[in-house]
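All of the numbers you see were taken from the coordinates with simple rules; none came from a lab. Everything numeric here is computed off the predicted structure, so don't read it as measured data. Neighbour counts are summed over all protein chains in view; Cβ atoms, including those assigned to glycine, are modelled from backbone coordinates with ideal geometry.
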Amino acid sequence: MRTHAWHYETTVKPIHDPDTLALALSFLRGGHVIAIPTDTVYGVASDALNPDAVERLFAVKERPAERAIPLLLADIDDVWHVIRSFPPGANRLARALWPGPLTLVLPAREGLPSALLGGKDTVGVRIPDHPWLRELIRQLGHPLAATSANISGQPPGRTAAEVLAQLKGRIPLIVDGGPAPGGVPSTVVDCTGPEPTILRAGPLDPETIHRLWRGDKTG
């Protein structure tokens, strides 16, 4: 991994300041990495379709190159911009549990930055249950490459102060949305096989995942 001389003056901006959204968009469009609140934990994010920005995201996190970075989307139809296929079981999971703390691993569409995929042909996608963040993604017009706001191997940031403690000087902006309500990262489900495989346990019950995948009726 390339070494970086970090030189940012990290600004912490409250989410409800009227100019915060425009400032966040400006940094993302300029290829920078910023920290944002989500419905799980704080994330660090860049424009997913800008290869240089994706590489910068790996460097900020000190994240191993083989560990792919998932995408945050604004709306369910956006998924077709980044995947090749949407198996019926995965579609049921998405429609039942998005927006929410569920990341689906699906076949990646050609043309995504190779660094984003960590050498694989799949991509993780999620719609966060966070209106401000979804509006940011809509206005950017691209998915966000986003992962927990921390140095790899360290605890994920749950507040802007915790993010600042780890990433001060490495990123230009932290959007302060208050304490992250979820507290734990999303449940990650591999949807590329005949049955769903839970790659990372999270807030969602495994039985719920399997029931929705099968399309079982409740009641």
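Okay, which of the range 31-47 sit inside 18 Å, backbone N to the point 7 Å along the Cα-Cβ direction of VAL12?
34-38, 41-45
Between ILE151 and ARG214, what is the label-to-label distance in nm when each label sits 7 Å out along the Cα-to-Cβ direction?
Those two pseudo-labels are separated by 4.6 nm.
So, in nm, how far is label LEU199 from label ALA59 when the simple model puts each one 7 Å beyond its Cα toward the Cβ?
It works out to 2.5 nm between the two label points.
State which stretch of the chain is the longest one without any exposed GluC sites (Glu not before Pro), exposure meaning a DSSP loop state and at most 10 other Cβ atoms within 10 Å.
111-219
Mind checking which aspartates and glutamates have their Cα closer than 13 Å to the Cα of LYS168? Skip sequence neighbours fewer than 8 apart in that chain.
Within reach: GLU9.
For the chain, what mean projected area does the convex hull of the alpha carbons give, in nm²?
11.6 nm²
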